[in-house]
């Protein structure tokens, strides 16, 4: 089946120039191919578009009506192509961003006002959840992901480091004691994060490569980091969470960072992930660049915190 849009383009050129051969030459195709396209339209519609004589071509009444519709449709196609191409170079349009709940509320949402001032033609649809979303199936332009990347088909740009910290409240440590080795953790109430393996509810990993694994137990398991922080501040137990979640309470003294005989697990970082494309839309490039500049190698939440 011949392409309909190409057929319309050829027919409009034939009608404009009044000649199949002239239309074919102007489009860089053979006269036979031009004839086939026009014939395919006539066959599909069951009407005659052109009166053909040895001297010239003229439009039938149906041909004149079809020409008006074809010219309108081709103009709309060109407009759609221009709009799509513009999104490659102009920072505009709807930008759908997905981010983990705690990181999105604490670090991404507060930056949206500044991003909007820089790029007023962009409307951001920010979705916050801790579920692993499918960018393609669910229509997200960018996702923020923490830790190891699982999808090699996506472009992943590191926008910030992600440090883990083991901590507890002053009240809890005063009552239960302060652990000094990873083995000591087995004697403590360790509050587990159910959406992670390395810092999950059954075991925590330590050391830069995560090879030191310690079984843990506790009387609370939660699927949200902020909820874990609230429980730890209230004195329920120890938590092992990223500094972007704990930094405020560490600075205020509501939590105390602990140093053990093995350093915290070294997470790969925080990444902006988007579908693989040689030419991602300008709105995606602008947003990812913006986050990388605002966070960088020394993000706001880490500044002034002592390293374990």
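Of all residues in the stretch 201-236, those being within 26 Å of residue 106 (Cβ to Cβ), touching a strand residue (DSSP E or B) at 6+ places or on another chain (Cβ under 6 Å) and either free of Cβ contacts under 8 Å to residues at least 24 places away in the same chain or assigned by TED's automatic domain parsing to the domain that holds residue 105 (or both) number 1. Filtered by the rule that a residue be surrounded by 15 or more Cβ atoms within 10 Å (Cβ to Cβ) and outside any loop (DSSP other than H, G, I, E, B), the stretch 214-225 gives 214, 222, 225.
If you check residue 260 against the conditions, is it modelled with pLDDT of 95 or more, within 13 Å of residue 165 (Cα to Cα), over 30 Å from the mean Cα position of the chain (by Cα) and assigned to a helix (DSSP H, G or I)? Answer is no for this residue.
Can you confirm whether residue 130 is within 21 Å of residue 242 (Cα to Cα), at pLDDT below 95 and either under 15 Å from the mean Cα position of the chain (by Cα) or not assigned by TED's automatic domain parsing to the domain that holds residue 290 (or both)?
Numbers: within 21 Å of residue 242 (Cα to Cα): yes; at pLDDT below 95: yes; either under 15 Å from the mean Cα position of the chain (by Cα) or not assigned by TED's automatic domain parsing to the domain that holds residue 290 (or both): yes.
It is true that residue 130 is within 21 Å of residue 242 (Cα to Cα), at pLDDT below 95 and either under 15 Å from the mean Cα position of the chain (by Cα) or not assigned by TED's automatic domain parsing to the domain that holds residue 290 (or both).
The criterion of at least 3 residues that are over 20 Å from the mean Cα position of the chain (by Cα) and at pLDDT below 95 is met by the following helices (runs of 4 or more DSSP H) wholly inside the stretch 23-124: 31-45, 61-89.
Of all strands (runs of 3 or more DSSP E) completely enclosed by the stretch 141-193, which ones contain at least 3 residues that are crowded, with 21+ Cβ neighbours inside 10 Å and either touching a helix residue (DSSP H, G or I) at 6+ places or on another chain (Cβ under 9 Å) or in contact (Cβ under 8 Å) with a residue 40 or more places away in the chain (or both)? Break it down stepwise before answering.
Numbers: elements: 142-146, 154-160, 164-168.
Ranges flagged: 142-146, 164-168.
Just the residues that are surrounded by 14 or more Cβ atoms within 10 Å (Cβ to Cβ) and either out of contact with any helix residue (DSSP H, G or I) (no Cβ under 8 Å at 6 or more places or on another chain) or farther than 18 Å from residue 77 by Cβ (or both), please, taken from the stretch 34-46.
First pass over the stretch 34-46, keeping only residues surrounded by 14 or more Cβ atoms within 10 Å (Cβ to Cβ): 34-42.
Hits for the stretch 34-46 are 34, 35, 36, 38, 39, 40, 42.
The values are calculated or read from the model by the stated rules, or taken from the named source; none is laboratory data. Note that the structure is predicted; figures quoted are calculated from it, not measured. Glycine gets a Cβ as well: all are built from the backbone with ideal geometry, and neighbour counts include every protein chain shown.
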